[in-house]
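Encoded as structure tokens, the structure appears first; notes follow it.
The values are calculated or read from the model by the stated rules, or taken from the named source; none is laboratory data. Please read all numbers here as calculations on a predicted model, not as lab measurements. Note: ideal-geometry Cβ built from the backbone for every residue, glycine included; neighbour counts use all protein chains shown. Protein only, heavy atoms only, side chains kept; ligands, DNA and RNA dropped before computing areas. Shrake-Rupley method; radii C 1.70, N 1.55, O 1.52, S 1.80 Å.
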Amino acid sequence: MRTPADPPWDVYLTGTVFLDIIFTGLDSAPVRGTESWARGMGSSPGGVANMATALARLGLRTSLAAAFGDDHYGEYCWDALEHGEGIDLTPSRTVPGWHSPVTVSMAYEGERTMVSHGHEPPPEEPAPDCPPRARAAVASLVPGKRAPWIAQAASKGTRIFADVGWDDTGAWDLAGLADLEHCEAFLPNAQEAMRYTGADCPRDAAHALTAHVPVAVVTLGAEGAYAVDGRTGETAVVPAIAVEALDPTGAGDVFVAGFVAGTLADWPLADRLAFAGLTAALSVQEFGGSLSAPCWAEIGAWWRKVQSLDRQDPEALRRYAFLADVVPEEAESARPWPLRRAVPTIGFRRSA
């Protein structure tokens, strides 16, 4: 879908990169005063790196602006993102003497418990005054605060996709999300959407949000997602794919990445929503944030697998039939699904 006139990057984003250490194979939550042993462990870049990795694995040329510590953790995250995932870190910087933020995540019973640690952030924002030209950008809106780069990027034609975190102030005032005026799409969860709009149900909340942003996408957890394009009046609802969820870490980031990819490919709203839900469903079957983001090989393997199942629902197959035209041929290899991932651990030497 790219043309010679397009910007060099498909997606730009900025934020904080964490080192994630994930403990897996716990039968239950740790009990106070006891020692728990996990059967597995993995390490990976986290925080905004979850979104960047999810975008890059879908084939989008991704540029990330972030601060990295000059400790081993920072070096590991930089190397994993730049060389492991092919993410452009030209707008990023290494901060001497700054300790990398760390999150320890414990996954059990389909849930997660996290403990994070970080020092005061660097005094300068990692986002440059003039973000690089990109077809799209992903932003996390903060109530009561503007991020100048969002308006700058939008003024150059970048399409802004935004999510938002929980409003700890309790205000839930849409006027406080000032940068929403620059956004192409807003993707809150059901509780966030209803609190911001005062609506009694997620669908009404989605329609209310289109008074502030062209496209509103409300995620409904296990019930799927609902979307409205206020410019055309088009709506779409897609149920969630039933999977065995091992770890929901990063699923929201993967959902947004899938929706951005479908939008840049100019797919219909329902296809974009279905693809976003599919990528999120594939991610929760693996542990970790950026570790679990699916690539096209896994998407192709899933599509092949579901078509081979006996008594498959024809309507469900039709919902994802668009994949037949977009899954790359190289992803149609006879690889099993779900795929087993190699979980990286800091300190192993590279193979010759």
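Looking for whichever is open to solvent by 90 Å² or more (accessible area, probe 1.4 Å) and out of contact with any Leu (no Cβ under 6 Å at 6 or more places or on another chain) here; the options are Arg195, Arg159. Which one fits? Lay out the reasoning, then the answer.
Working: Arg159 fails: open to solvent by 90 Å² or more (accessible area, probe 1.4 Å).
Exactly one of Arg195, Arg159 is open to solvent by 90 Å² or more (accessible area, probe 1.4 Å) and out of contact with any Leu (no Cβ under 6 Å at 6 or more places or on another chain), namely Arg195.
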| Close pairs from region 313-327: first touching a residue at least 40 places away in the same chain (Cβ under 8 Å), partner of a type in the set (Asp, Glu), Cβ under 8 Å, at least 6 apart | Phe322/Asp271
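Please go through region 52-61 and pick out each residue that is among the aliphatic types (A, V, I, L, M) and open to solvent by less than 10 Å² (accessible area, probe 1.4 Å). Give the derivation first.
First, pick out the residues of region 52-61 that are among the aliphatic types (A, V, I, L, M): 52, 54-56, 58, 60.
Within region 52-61, Ala52, Ala54, Leu55 qualify.
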| note | Given the conditions (1) more than 29 Å from Gly157 (Cα to Cα); (2) in contact with a strand residue (DSSP E or B) (Cβ under 6 Å, 6 or more places away or on another chain); (3) of a type in the set (D, E, K, R), every one holds for Glu184 apart from (1)
| message | Looking at Ala257, Ala324, Ala261, Ala280 in this structure, which one is farther than 27 Å from Pro188 by Cα and either touching a Phe, Trp or Tyr at 6+ places or on another chain (Cβ under 6 Å) or modelled with pLDDT of 90 or more (or both)? | response | Ala324
| remark: Every listed condition ((1) on the phi < 0 side of the Ramachandran plot; (2) small (Gly, Ala, Ser); (3) assigned to a loop (DSSP other than H, G, I, E, B)) holds for Ala56 save (3)
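Considering only residues of region 62-88 that are touching a helix residue (DSSP H, G or I) at 6+ places or on another chain (Cβ under 9 Å) and charged (D, E, K, R), which is most open to solvent (accessible area, probe 1.4 Å)? So that I can check it myself, show each step before the final result.
Start the filter on region 62-88 by keeping residues that are touching a helix residue (DSSP H, G or I) at 6+ places or on another chain (Cβ under 9 Å), which leaves 62-69, 77, 80-81, 84-88.
Add one more test, that the residue is charged (D, E, K, R), and what stays is 85, 88.
Working: Glu85: 52, Asp88: 23 Å².
It comes out as Glu85.
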| said: Exactly one condition in (1) farther than 19 Å from Leu282 by Cβ; (2) in contact with a Leu (Cβ under 8 Å, 6 or more places away or on another chain) is false for Ala175; which is it? | reply: (2)
| Of residues in region 96-108 being touching an Asp or Glu at 6+ places or on another chain (Cβ under 7 Å) and in a strand (DSSP E or B), the one most open to solvent (accessible area, probe 1.4 Å) | Tyr108
| said: I'd like to verify a number: residues in region 109-124 that are open to solvent by 50 Å² or more (accessible area, probe 1.4 Å) and either in contact with a helix residue (DSSP H, G or I) (Cβ under 8 Å, 6 or more places away or on another chain) or at pLDDT 90 or above (or both), how many? | reply: 3
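For region 154-174, check the following and say yes or no: at least one residue is at positive phi and touching a Pro at 6+ places or on another chain (Cβ under 7 Å). So that I can check it myself, show each step before the final result.
Kept after step one, since they are at positive phi, are these residues of region 154-174: 157, 170, 172.
Then keep just the ones that are touching a Pro at 6+ places or on another chain (Cβ under 7 Å); that gives none.
No, region 154-174 has no match at all.
Condition (residue is open to solvent by 20 Å² or more (accessible area, probe 1.4 Å), among the aliphatic types (A, V, I, L, M) and either under 20 Å from the mean Cα position of the chain (by Cα) or closer than 17 Å to Ala227 by Cα (or both)) applied to region 266-283: is it met by at least one residue?
Yes, region 266-283 contains at least one residue that is open to solvent by 20 Å² or more (accessible area, probe 1.4 Å), among the aliphatic types (A, V, I, L, M) and either under 20 Å from the mean Cα position of the chain (by Cα) or closer than 17 Å to Ala227 by Cα (or both).
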| said: Restricting to region 1-16, name every residue that is exposed (fewer than 12 other Cβ atoms within 10 Å of the Cβ) and among the hydrophobic types (A, V, I, L, M, F, W, C). | reply: Met1, Ala5
| note | Going through (1) touching a helix residue (DSSP H, G or I) at 6+ places or on another chain (Cβ under 7 Å); (2) loosely packed, with under 11 Cβ neighbours inside 10 Å; (3) not aliphatic (A, V, I, L, M) one by one, Trp37 fails only at (1)
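Select, from Ala178, Ala216, Ala193, Ala211, the only residue that is touching a Ser or Thr at 6+ places or on another chain (Cβ under 6 Å), of a type outside the set (D, E, K, R) and under 23 Å from Gly144 (Cβ atoms).
Details: Ala178 fails: touching a Ser or Thr at 6+ places or on another chain (Cβ under 6 Å); Ala193 fails: touching a Ser or Thr at 6+ places or on another chain (Cβ under 6 Å); Ala211 fails: touching a Ser or Thr at 6+ places or on another chain (Cβ under 6 Å).
Ala216 is the lone residue from the list that is touching a Ser or Thr at 6+ places or on another chain (Cβ under 6 Å), of a type outside the set (D, E, K, R) and under 23 Å from Gly144 (Cβ atoms).
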| Could you list, in sequence order, the residues of region 229-258 that are crowded, with 24+ Cβ neighbours inside 10 Å and either farther than 30 Å from Tyr108 by Cβ or among the charged types (D, E, K, R) (or both)? | Asp247, Asp253
| query | Which members of region 95-108 meet the condition of being under 22 Å from the mean Cα position of the chain (by Cα), over 26 Å from Ala153 (Cβ atoms) and modelled with pLDDT of 90 or more? | reply | Ser100, Val102, Thr103, Val104
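Matching residues to (1) farther than 19 Å from Ala52 by Cβ; (2) open to solvent by less than 30 Å² (accessible area, probe 1.4 Å); (3) of a type outside the set (Lys, Arg); (4) more than 22 Å from the chain's Cα centre (by Cα):
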position: Arg133; (1), (2), (3), (4): no, no, no, no
position: Ala136; (1), (2), (3), (4): no, yes, yes, no
position: Ile150; (1), (2), (3), (4): no, yes, yes, no
position: Ser155; (1), (2), (3), (4): yes, no, yes, yes
position: Asp173; (1), (2), (3), (4): yes, no, yes, yes
position: Pro214; (1), (2), (3), (4): yes, no, yes, no
position: Val218; (1), (2), (3), (4): yes, yes, yes, no
position: Gly221; (1), (2), (3), (4): yes, no, yes, no
